[in-house]
Amino acid sequence: MKPFSIYNTLTRKVEEFVPRHGRIVTYYSCGPTVYLPQHLGNLRAYVFVDTLKRALRFNGYDVRHVMNITDVGHLTSDADAGEDKIEKTARAEGKSPLAVAKYYTDQFKRDCARLRIELPPDEESITGAVRPPASILCRATNHIADMIGLIERIVRNGLGYVTASGVYFDVEKWRGPSGMGRLSRQSLTEQHAGQRLEHSADKRSPHDFALWVLNQPHHLMQWDSPWGRGYPGWHIECSAMAMRYLGETIDIHSGGLDHIPVHHENEIAQSEGATGQPFVRYFVHNAFLVGMEGAKISKSAGRFPVLDDLVAAAIDPLAFRLLCFGAKYRSELAFNLDAVRAAAKNLGYLQEFTRSLPESAIGADDAAWAAEYRERFHDALNNDLNTPVALAVMLELVAEANRRQDPRVWHTLNDFDQVVNLGLAHELRASREEATDARLQGLLEQREAARQARDYQRSDDLRREIEALGWEIKDTKEGPRITRRRGTP
Ligand SMILES: [Zn+2]
């Protein structure tokens, strides 16, 4: 077995990944705040999540994946300032917060489907019998009781305090004299230098963050709590949902680099402040997509491009997926249309090769020479998810098959595609169906010609050939009608 290694932000090292429980991996990834369409930069993060999950599966791990949908409590500044993002959109669009959240959740799910990003099963489609599920896509508003329970533990442990404006986490007490953040490795003064902190008059320190917000009568979404009606802070959502489904210590937690100093630092503080156990064993962060400000692709100025912009420019969303896969997750990726079009060319190259595969190559074992490529692909994945190298190996495999005129590489290519996930198996099926359709059409035309010529022997032979393809033929007044034969796929 090859060890899988990944960069752990907690230790600032590429480490060998060893899950706590055998082949089971517990994985939590921060999900979207559903108040706007997810732009391509956001979507890069979800392609990364999907790729990491698939790379773990390639290594034989059973990944239990939880992703949240933030539908309350995320303010326009990550650090407890401004308006609730969902409610801001709700007011602007004249809708209820619930309607806003549903609309943008549906849009997010649609974009993920177009990018072949596999989301965990939506809690709203899971019935009571199978709870708690191994993997779940879950909403903050459905887990208020879990959050309240967690806040009660924090308060009991002396790390939370209640004021008129809310329940706050005592950051200075948690961090101790150094004030260092374990993930950011910054002290509170460094972390907040130059950042204007909105200071509620009754907070003990401007660094403290809200676990539960009280006395905000204009906030539309409110719940009862031991401290009064209010709503949860953003950070507590992730801790509560991660622990609810994955336990108090989880193997992997991922998110964007921007989450390190505030959101994830706060998640660690409140989770460990409640349980006394390590919250996360491997913290993994993806870098940004840059250069979108200048992207000429979106018509309306002042917003980042979204997937619909690519589709409008006649670019297959999977080209964007491949663009992301071709870059190292820890490196910034420059976005521009030329880069996406170059990825589209590689996508076309792989699809074209797949469609041209002869039946003999699909039925046979792969050529012995392909084994070396599998090793190299696997090594690249396991080396801190070096996807640009993995992609190069995939393209080389196809180039070598062409050079040798030996197409016996399908099983290797399809295994690679379980990680890259361009849907090549689907491409192959579609091309075989088209070929069958074309053959069927040809046979039907020949048979009709034979009938016209009263060559019944030939017509019967052709009927048998058509039946062998899985179709039944009936001659009617309007001409021959074909139906699928029972028991054929
Ligand atoms: Zn989170």
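Some values worked out for this structure:
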{"quantity": "In region 245-261, residue farthest from the ligand (Cβ to nearest atom) [restricted to those that are in a helix (DSSP H, G or I) and touching a Gly at 6+ places or on another chain (Cβ under 9 Å)]", "calculated": "P261"}
{"quantity": "Residues of region 24-62 classified as assigned to a loop (DSSP other than H, G, I, E, B), touching a residue at least 60 places away in the same chain (Cβ under 8 Å), within 26 Å of M243 (Cβ to Cβ) and more than 16 Å from the ligand (Cβ to nearest atom), total", "calculated": "1"}
{"quantity": "Odd one out for L422, checked against (1) part of a helix (DSSP H, G or I); (2) at pLDDT 90 or above", "calculated": "(1)"}
{"quantity": "Check on S239, within 23 Å of N42 (Cα to Cα), in contact with a Ser or Thr (Cβ under 8 Å, 6 or more places away or on another chain) and within 16 Å of the ligand (Cβ to nearest atom)", "calculated": "yes"}
{"quantity": "Test: R229 is among the basic types (K, R), under 30 Å from E15 (Cβ atoms), surrounded by fewer than 24 Cβ atoms within 10 Å (Cβ to Cβ) and more than 16 Å from the ligand (Cβ to nearest atom)", "calculated": "no"}
{"quantity": "Residue match in region 394-410 (condition: in contact (Cβ under 8 Å) with a residue 24 or more places away in the chain, over 26 Å from W369 (Cα atoms) and either in contact with a helix residue (DSSP H, G or I) (Cβ under 6 Å, 6 or more places away or on another chain) or not assigned by TED's automatic domain parsing to the domain that holds I117 (or both))", "calculated": "no"}
{"quantity": "Positions within region 461-489 being surrounded by fewer than 13 Cβ atoms within 10 Å (Cβ to Cβ) and of a type outside the set (V, I, T), in sequence order", "calculated": "R464, A468, K474, K477, E478, G479, R481, R484, R486, G487, P489"}
{"quantity": "Looking only at region 214-226, and only at residues there that are out of contact with any Gly (no Cβ under 6 Å at 6 or more places or on another chain) and not polar (S, T, N, Q), the one that is farthest from the ligand (Cβ to nearest atom)", "calculated": "P217"}
{"quantity": "Candidate set from region 63-92 (those that are part of a strand (DSSP E or B) and surrounded by fewer than 19 Cβ atoms within 10 Å (Cβ to Cβ)); member that is modelled with the highest pLDDT", "calculated": "E83"}
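Conditions (1) touching a Phe, Trp or Tyr at 6+ places or on another chain (Cβ under 6 Å); (2) among the hydrophobic types (A, V, I, L, M, F, W, C), marked per residue:
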site	(1), (2)
C30	no, yes
L52	no, yes
A55	no, yes
N59	yes, no
V63	yes, yes
V66	yes, yes
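The values are calculated or read from the model by the stated rules, or taken from the named source; none is laboratory data. From a predicted model like this one, the values you see are computed outputs, not experimental measurements. Here the Cβ is made from the backbone with ideal geometry for all residues, glycine too, and neighbour counts use every protein chain on show.
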